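The values are calculated or read from the model by the stated rules, or taken from the named source; none is laboratory data. Since the model is a prediction, treat every value here as computed from it, not as a measurement. All Cβ positions, glycine included, derive from the backbone under ideal geometry; neighbour counts span all protein chains shown. Surface areas here come from the heavy atoms of the whole protein model, side chains and all, with no ligands, DNA or RNA. Shrake-Rupley method; radii C 1.70, N 1.55, O 1.52, S 1.80 Å.
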Amino acid sequence: MIIAIDGPAASGKGTLAKRLAAYYGYRHLDTGVMYRAVAHVMLTAGLDLNDEVKAAEIAIRLDTRTFADPALKSQAVGSAASVVSALPKVREALVRFQREFAASPPGAVLDGRDIGTVICPDAEVKIYVVADPRIRAHRRTLEARGRGEAADEDAVLADILARDERDQKRSIAPLKQAPDAYLLDNSHLDIEGGVRAAIDIVEAVRAGRQRV
Ligand code: DC
């Protein structure tokens, strides 16, 4: 089974996807980390984030071992990832890896922006996670401070809103809810509550399919 988790920045979809994968014994791929890894190499090398040829070269040669680098989690890298992810050749370079990951047994949970719409349109379960932008900004600020980064909540909110707009308005694979995705608003849920709600969705879909 393939479970697609999409949603805007800092919606909590990453933690939710990881926990769902552990619960079902599936593999998990955080696709955002791939765009972050490309952006990080571009930033470190001082390259123009809109240089599509260079960014695509980096994406093609991406080393999965770099995905665990804590530097990828920063706000700056997240914003830069949003810029490079709008470049068609970068997306093209990453699609195949993501689809192959999804197709390998025993099952997979992928989280990102375009999993249910572009990468795995036939995923058995699609969940679109949202949360109030102010609540996302508050959670992201606490996370950043926990990592020792200085973070101003208003600046984090502005970054989140700019990122939402860029991710939703780009011409290729924009962030949007797939018509057959379940909406999960976790504004007022803690992590456990969000995981429980997601499992309930998966179980409801499974039960529905068994009845057919
Ligand atoms: O989920 P995240 O914050 O790690 O994602 C960082 C950026 O990467 C996000 O702002 C847009 C881009 N992204 C994307 O375009 N498509 C995906 N499937 C995942 C992330």
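Structural size metrics of region 1-85, computed from C-alpha coordinates, are Rg and Dmax of 13.7, 41 Å. Kirkwood radius and radius of gyration were both taken over the C-alpha atoms of region 99-155, and their ratio Rg/Rh is 1.16.
Give the relative contact order (percent, whole number) for region 1-138; include only Cα pairs under 8 Å separated by 6+ residues. Please report the intermediate quantities before stating the final value.
On the way: 199 pairs, mean separation 68.5, N = 138.
Worked out over region 1-138, it gives 50 percent.
The H on the amide N of G12, modeled in the peptide plane, is under 5 Å from the matching H of no residue at least 5 residues off or on a different chain. Counted by Cβ distance under 12 Å from K89, the other residues give a net charge of -2, where Lys and Arg count +1 and Asp and Glu count -1. With bins 5 Å wide beginning at 0, the percent of Cα pairs of region 100-206 falling in each bin runs 2, 11, 16, 19, 20, 16, 11, 4, 1.
Keeping the other protein chains in place, figure out the carbon and sulfur percent of the accessible area of region 51-115, with a 1.4 Å probe. Write out the running numbers ahead of the final one.
On the way: 1770 of 3060 Å².
Carbon with sulfur: 58 percent of the solvent-accessible area.
In plain terms, the chain from F67 to K169 could stretch by 34.1 nm, reckoned as 0.36 nm per residue minus the Cα-Cα distance. Each 5 Å bin from zero up to the one holding the largest Cα-Cα distance in the chain carries the following percent of pairs: 1, 7, 15, 20, 21, 17, 11, 5, 2, 1, 0, 0.
The angle between the Cα long axis of helix 153-169 and the longest principal axis of the Cα atoms of the chain comes to about 70 degrees, rounded to the nearest 10.
For region 4-21, putting each phi into the Karplus relation 6.51 cos²θ - 1.76 cosθ + 1.60 with θ = phi - 60° gives couplings of 9, 10, 10, x, x, 4, 6, 8, x, 5, x, 5, 4, 5, 4, 5, 5, 4 Hz, in residue order, rounded to whole numbers and with x for Gly and Pro. Taking 0.36 nm per residue of sequence separation and removing the Cα-Cα distance, the E153/I135 pair yields an extension gain of 5.5 nm. Of all the options E153, E100, E57, the one that moves most in a Gaussian network model of the chain with Cα springs shorter than 10 angstrom is E100. So which trypsin sites (Lys or Arg not before Pro) in region 136-212 are both in a DSSP loop and have at most 13 other Cβ atoms within 10 Å of their Cβ? Sparse-neighbourhood loop trypsin sites (Lys or Arg not before Pro): R147. Placing a pseudo-label 7 Å from each Cα along the Cα-to-Cβ vector at I60 and R99 gives an inter-label distance of 1.8 nm.
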